[in-house]
Amino acid sequence: MRGNFTLKSDATYRMPVHFIGYPFDNSNRVVYSDVMAMSVMQRSSGEALAQYVPSDFELLDENIHWTYMNCRGVDFLSHGEYRIFMAGVQVRFKSENDDLVGEYPLVIWEDNAHPILGGREEDGMPKVFASITPDRHFNEHWFAACSLYDETMARYDFHDEREASPDEVAEMEKAACLNCFGMRYFPNADRAGAAYSDIVLYPQEMHPKRVWFGSGSVTTVPVEPWYRIPNMAGIVGALSALPCHGFFGAFRSECWVRLCVADSRKLR
């Protein structure tokens with residue numbers, strides 16, 4: 001007997017597609033109501049970073065933006081939670097129709113498969129799985145770590161120095177909207193070359209409630225030999241090899257986040 005499943009043109013699908021399709025919602029805005037985020041900039045090298053940035057973009061500075069997020073109240077997880085550990089760079093995308101500035105993530109580690117698959121397949125976010133600790137702190141020292149197969153790949157450290165004033169929080173709120181850029185890539189069935197590849201705009205918002213300024217750093221840990229973390233050693237090794245000339249601009253925030261899923265669009 002021949003199968004009778006067919007794709008519906010007015011639905012959107014995720015693997016495995018044959019079980020269920022979802023009506024496309026062009027008003028979809030995903031909300032994370034309770035997020036603890038840490039952010040710090042690492043001074044690096046433009047020449048070194050450029051090798052990991054698609055030629056569609058102009059690299060705007062020589063810094064790596066490290067972000068840790070403990071996401072709670074995630075509406076599409078029935079107000080559950082997951083964690084994010086990511087590195088990105090500031091870029092500009094310019095074409096005949098667009099002139100956009102935003103962040104191009106180099107890697108996004110997450111500890112839940114559901115947001116990984118949606119953000120990667122649909123929006124080109126470079127998401128991969130890792131174990132990520134909830135944030136912990138001892139007095140003013142906040143810390144978290146990212147690992148795979150019990151091998152630590154990166155550590156995040158932040159030290160509170162002072163809480164931001166209401167005026168400072170209001171100023172940060174003005175920069176709540178962020179353009180994120182992704183590169184979707186699907187290999188050919190024989191794995192040689194791309195069956196499909198494009199650049200995607202994925203708008204997001206981060207709205208601060210309380211903010212603390214301080215000092216922070218991220219330590220990446222190359223794992224040797226490579227087979228201790230197969231399929232991840234190349235990522236960690238590349239990040240560890242990037243020049244580090246210090247850290248600046250560190251802050252920690254209690255915030256809420258909105259992912260403007262329905263505003264995602266193909267740029268090329």
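Summary table below
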{"read-out": "Any hit, segment 55-75, residues being open to solvent by 20 Å² or more (accessible area, probe 1.4 Å), assigned to a loop (DSSP other than H, G, I, E, B) and farther than 23 Å from residue 238 by Cβ", "value": "no"}
{"read-out": "Positions within segment 81-106 being free of Cβ contacts under 8 Å to residues at least 12 places away in the same chain and in a strand (DSSP E or B), in sequence order", "value": "81, 99"}
{"read-out": "Residues located in segment 1-51, provided they are closer than 30 Å to residue 61 by Cβ, assigned to a strand (DSSP E or B) and aliphatic (A, V, I, L, M)", "value": "30, 35, 36, 37, 38, 40, 41"}
{"read-out": "Output for segment 221-249, where each listed residue is hydrophobic (A, V, I, L, M, F, W, C) and in contact with a Ser or Thr (Cβ under 7 Å, 6 or more places away or on another chain)", "value": "221, 236, 239, 242, 244, 247"}
{"read-out": "Count of residues meeting criterion [farther than 21 Å from residue 50 by Cα, surrounded by fewer than 18 Cβ atoms within 10 Å (Cβ to Cβ) and over 20 Å from the mean Cα position of the chain (by Cα)] in segment 216-251", "value": "6"}
{"read-out": "Boolean, residue 120 is within 21 Å of residue 229 (Cβ to Cβ) and not in a loop (DSSP other than H, G, I, E, B)", "value": "yes"}
{"read-out": "Among (1) open to solvent by 100 Å² or more (accessible area, probe 1.4 Å); (2) in contact (Cβ under 8 Å) with a residue 40 or more places away in the chain; (3) over 24 Å from residue 103 (Cα atoms); (4) of a type outside the set (Gly, Ala, Ser) - the single one residue 138 does not satisfy", "value": "(2)"}
{"read-out": "Some residue of segment 255-264 being in contact with a strand residue (DSSP E or B) (Cβ under 8 Å, 6 or more places away or on another chain), more than 21 Å from residue 70 (Cβ to Cβ) and surrounded by fewer than 16 Cβ atoms within 10 Å (Cβ to Cβ)", "value": "yes"}
{"read-out": "Of all residues making up segment 100-121, the number that are in contact with a Lys or Arg (Cβ under 8 Å, 6 or more places away or on another chain), surrounded by fewer than 21 Cβ atoms within 10 Å (Cβ to Cβ), of a type outside the set (A, V, I, L, M) and at pLDDT below 95", "value": "3"}
{"read-out": "Of all residues in segment 1-19 being open to solvent by less than 90 Å² (accessible area, probe 1.4 Å) and more than 17 Å from residue 123 (Cβ to Cβ), the one that is modelled with the highest pLDDT", "value": "3"}
{"read-out": "Selected residue (criterion: most open to solvent (accessible area, probe 1.4 Å)) from residues of segment 194-215 that are of a type in the set (Phe, Trp, Tyr) and within 21 Å of residue 42 (Cα to Cα)", "value": "213"}
{"read-out": "In segment 86-99, residue farthest from residue 233 (Cα to Cα) [restricted to those that are touching a strand residue (DSSP E or B) at 6+ places or on another chain (Cβ under 8 Å), of a type outside the set (Lys, Arg) and open to solvent by 30 Å² or more (accessible area, probe 1.4 Å)]", "value": "99"}
{"read-out": "Tally of residues being more than 14 Å from residue 203 (Cα to Cα) and surrounded by fewer than 19 Cβ atoms within 10 Å (Cβ to Cβ) across segment 122-131", "value": "3"}
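Results for (1) modelled with pLDDT under 95; (2) surrounded by 14 or more Cβ atoms within 10 Å (Cβ to Cβ); (3) touching a Pro at 6+ places or on another chain (Cβ under 8 Å), shown as yes or no for each residue.
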| position | (1), (2), (3) |
| --- | --- |
| 161 | no, no, no |
| 165 | no, no, no |
| 169 | no, yes, yes |
| 184 | yes, yes, no |
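The values are calculated or read from the model by the stated rules, or taken from the named source; none is laboratory data. Computed from a predicted model, the values in this text were never measured in an experiment. Neighbour counts run over all protein chains shown; Cβ positions are idealised from the backbone, glycine included. Just the protein is used for accessible areas: all its heavy atoms, side chains included, with ligands, DNA and RNA removed. Shrake-Rupley method; radii C 1.70, N 1.55, O 1.52, S 1.80 Å.
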